[in-house]
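Data first, discussion second: the structure below is written as structure tokens.
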């Protein structure tokens, strides 16, 4: 276990929480893990590759390939780390498997059950689990628990009140895939980490049905949103049903990408999510701009369009009407956490 610098892993007293890594190793699954060419990259992959030498903790799990860190596909269960939360009495917030994905396709269900058993035996702590494998999480957590590995006294098909489940979603496609899975999964708190945010995400436009794109629903309110075409010259109109039809998100985190090969985040993407959360009453936390700041500084700046594509300015100003904005690479620390001059630290209310 180790103290984490992740801004949203906080104890109740405001101090930093801890990481807990009973599983090591992962594989890339979507652009948020690292983009094509030199772009992006997983911080865990870089750390693992740094400590992958003979006799080191991540030997055989990661490697340097062509001068870049890469997972090998091998995973390991660290039994010596499994009971770490049980050895700490002080109520603590734990980020579970910062160096892996608990619901990775190669993680046996027996490992997952043991992790949940520890979380059940440590009710004084809060555990935050974040995954990109939302479908497997939903299948395991919402499916029948008739296997012997799921001890009936620890499960009872109920929700552990100290376990928060979340999904990473870097763009609209991944949000459409993962958020419905998350909201179909039993959990005390459900959250989304939109980091690195690589494109706009409209949480008010989750796919309602495959057959009719006019119908959608809001992950922020749980309400169905129906779009209809008017007749006799009347304009199109949208109807939001009053009664929620599905669960809603409890928390959204937004952040830009950091690191030497980071891709910039358009501030409009973060603003849209911030404003939608404010209207719906969903806590919003802005983690960071990432490596790029949305302004022109000195000579080392570029133009970012509404789709996230960079362009060298060549003595031209950004076309603000077309959604372009000036951005400058300054590094995570210099870019900071202020969104339009405000620090957003929203946290979900913990239900008893």
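For region 138-235, the strands (runs of 3 or more DSSP E) that sit wholly inside it and include 3 or more residues that are at pLDDT 85 or above are 163-168, 189-194.
Inspection of region 273-284 finds a residue satisfying the criterion of being under 24 Å from the mean Cα position of the chain (by Cα), in contact (Cβ under 8 Å) with a residue 60 or more places away in the chain and in a loop (DSSP other than H, G, I, E, B).
The numbered conditions (1) under 24 Å from residue 169 (Cα atoms); (2) in contact with a helix residue (DSSP H, G or I) (Cβ under 9 Å, 6 or more places away or on another chain); (3) free of Cβ contacts under 8 Å to residues at least 60 places away in the same chain are all true for residue 48 except (2). Of the residues contained in region 243-255, none is found to be over 19 Å from the mean Cα position of the chain (by Cα), at pLDDT below 95, closer than 19 Å to residue 40 by Cβ and surrounded by 14 or more Cβ atoms within 10 Å (Cβ to Cβ).
Scanning region 296-310 for residues that are without any contact (Cβ under 8 Å) to a residue 40 or more places away in the chain and on the phi > 0 side of the Ramachandran plot returns a single hit, 298. The residues in region 63-82 that are surrounded by 14 or more Cβ atoms within 10 Å (Cβ to Cβ) and without any contact (Cβ under 8 Å) to a residue 60 or more places away in the chain can be counted, and the count is 11. Consider region 311-352. How many of its residues are more than 30 Å from residue 12 (Cβ to Cβ), touching a residue at least 40 places away in the same chain (Cβ under 8 Å) and in a loop (DSSP other than H, G, I, E, B)? Count: 2. Residues of region 295-322 being under 27 Å from residue 204 (Cα atoms) and surrounded by fewer than 21 Cβ atoms within 10 Å (Cβ to Cβ), which ones? Result: 305, 306, 307, 308, 309, 320, 321, 322. Return a yes/no flag: does region 264-287 have any residue that is buried (at least 20 other Cβ atoms within 10 Å of the Cβ) and farther than 27 Å from residue 43 by Cβ. Yes - at least one qualifying residue is present in region 264-287. Within region 186-205, the set of residues being farther than 22 Å from residue 337 by Cβ and surrounded by fewer than 21 Cβ atoms within 10 Å (Cβ to Cβ) comprises 186, 188, 202, 204, 205. Inside region 66-100, residues that are within 18 Å of residue 5 (Cβ to Cβ) and either outside any strand (DSSP E or B) or modelled with pLDDT under 95 (or both) make up a count of 4. Among the residues making up region 89-105, a single one is in contact with a strand residue (DSSP E or B) (Cβ under 8 Å, 6 or more places away or on another chain) and surrounded by fewer than 16 Cβ atoms within 10 Å (Cβ to Cβ): 91.
The values are calculated or read from the model by the stated rules, or taken from the named source; none is laboratory data. From a predicted model like this one, the values you see are computed outputs, not experimental measurements. We place every Cβ from the backbone using ideal geometry, glycine too, and count neighbours over all the protein chains shown.
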